[in-house]
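The structure follows.
The values are calculated or read from the model by the stated rules, or taken from the named source; none is laboratory data. Values in this document were obtained by computation on a predicted structure and should not be read as measured data. Positions of Cβ are generated from backbone atoms using ideal geometry, with glycine treated the same way; all protein chains shown enter the neighbour counts.
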Amino acid sequence: MTSPKYKRVVLKLSGEALAGSKGFGIDPAVINSIAKQVKEIAEMGVEIAIVVGGGNIWRGKIGSEMGMDRATADYMGMLATCMNSLALQDSLESIGIETRVQTSIEMRQVAEPYIRRKAIRHLEKKRVVIFAAGTGNPYFSTDTTAALRAAEIEADVILMAKNNVDGVYSADPTIDKNAVKYETLSYLDVIKKGLAVMDSTASSLCMDNDIPLIVFSIMEEGNIKRVVCGENIGTFVRGK
C-alpha cells in the first residue's frame, strides 16, 4: 500500500461541492462519496481536519448585495457551514469514522466549541475534526478559516477540493478556452496575478506561515487519497 506523504492535513471543501449538480442544498451521493474518500485516508493513519463552506445554503456576499447588513449576512453564512458540517459528520460516522464538529460560535447542544488543544488531541486520537462557523467573525471567508486553523494545528498542507476545476488556471477555463493550468505557483504569484485560488487574506496567512496548498478536483473518486500520497494532480502552491 502506498504510504501517505502528509501526516496532518486540512481539507477545505466548498459548500457548492456538497450540492453536486443540484447547485443548492446537499446531494447525498456527493457527501457520501466525500466521506468514503476521507475514510480511505483516515485508515492510512492521516490526521484529518475539515473546513466546509456554506455557499450551497447561503452566501453572505449575496445577502450584503441585497441590502442586508454585512455582518448579519456573514453570520447567516456561518450557520450554513454548521449545517454542512453536521451533515458531513453524520455521513462519516455512518461508515465508522469517529468525528467531532467544533464551532467558532458556541452552540453546545449540537457541537463542541473550538478549542485548539482539544482539536489537536482529537486528531492525535485519529478522530476527524470538522471546523464550523468560520473564524466566528464577519468579513472573513472559510478560506481564511482553513489557513488560520492549518497554522494553529500545525498542518502539513491544505487540500483545497474543487467541484468545477482540477487546479489553478490563468483564467476561468469554463469561459476562456485558452486558459492555462498551472502545475506549481507561489503565494506571491497568486496575489500578484489576482488568481481566484483563495482570497488575499488567506493567501497572505498561508505565505507568512509557510503552509503549502494543493488545489484539485473532488469530482473524481479517489483524488483525496492520490493527493495525500503525493501524486502530481492539480496545482501545488508553495509556501515560500
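Does residue 6 satisfy the criteria of being surrounded by 14 or more Cβ atoms within 10 Å (Cβ to Cβ), at pLDDT 90 or above, closer than 18 Å to residue 155 by Cα and among the hydroxyl-bearing types (Ser, Thr, Tyr)?
yes
Scan (1) at pLDDT 95 or above; (2) in contact with a Phe, Trp or Tyr (Cβ under 9 Å, 6 or more places away or on another chain); (3) not β-branched (Val, Ile, Thr) for the single condition residue 74 breaks and write down its number.
(1)
Checking residue 163 against (1) crowded, with 20+ Cβ neighbours inside 10 Å; (2) closer than 23 Å to residue 62 by Cβ; (3) in contact with a Gly (Cβ under 8 Å, 6 or more places away or on another chain), which single condition isn't satisfied?
(1)
May I ask you to verify whether residue 63 is part of a loop (DSSP other than H, G, I, E, B) and out of contact with any Asp or Glu (no Cβ under 7 Å at 6 or more places or on another chain)?
It is false that residue 63 is part of a loop (DSSP other than H, G, I, E, B) and out of contact with any Asp or Glu (no Cβ under 7 Å at 6 or more places or on another chain).
Could you list, in sequence order, the residues of the range 112-129 that are touching a residue at least 40 places away in the same chain (Cβ under 8 Å) and either over 17 Å from residue 150 (Cβ atoms) or among the aromatic types (Phe, Trp, Tyr) (or both)? So that I can check it myself, show each step before the final result.
Keep residues of the range 112-129 that are touching a residue at least 40 places away in the same chain (Cβ under 8 Å), which gives 119, 123-124, 126, 128-129.
126 - this is the single residue of the range 112-129 that is touching a residue at least 40 places away in the same chain (Cβ under 8 Å) and either over 17 Å from residue 150 (Cβ atoms) or among the aromatic types (Phe, Trp, Tyr) (or both).
Could you check the range 144-156 and list, in sequence order, the residues that are crowded, with 22+ Cβ neighbours inside 10 Å and not in a loop (DSSP other than H, G, I, E, B)? Let's see the steps before the verdict.
Step one: of the range 144-156, the residues crowded, with 22+ Cβ neighbours inside 10 Å are 144-150, 155.
Selection gives 144, 145, 146, 147, 148, 149, 150.
Somewhere in the range 16-36, is a residue assigned to a helix (DSSP H, G or I), of a type in the set (Lys, Arg) and under 17 Å from the mean Cα position of the chain (by Cα)?
Yes, the range 16-36 contains a residue that is assigned to a helix (DSSP H, G or I), of a type in the set (Lys, Arg) and under 17 Å from the mean Cα position of the chain (by Cα).
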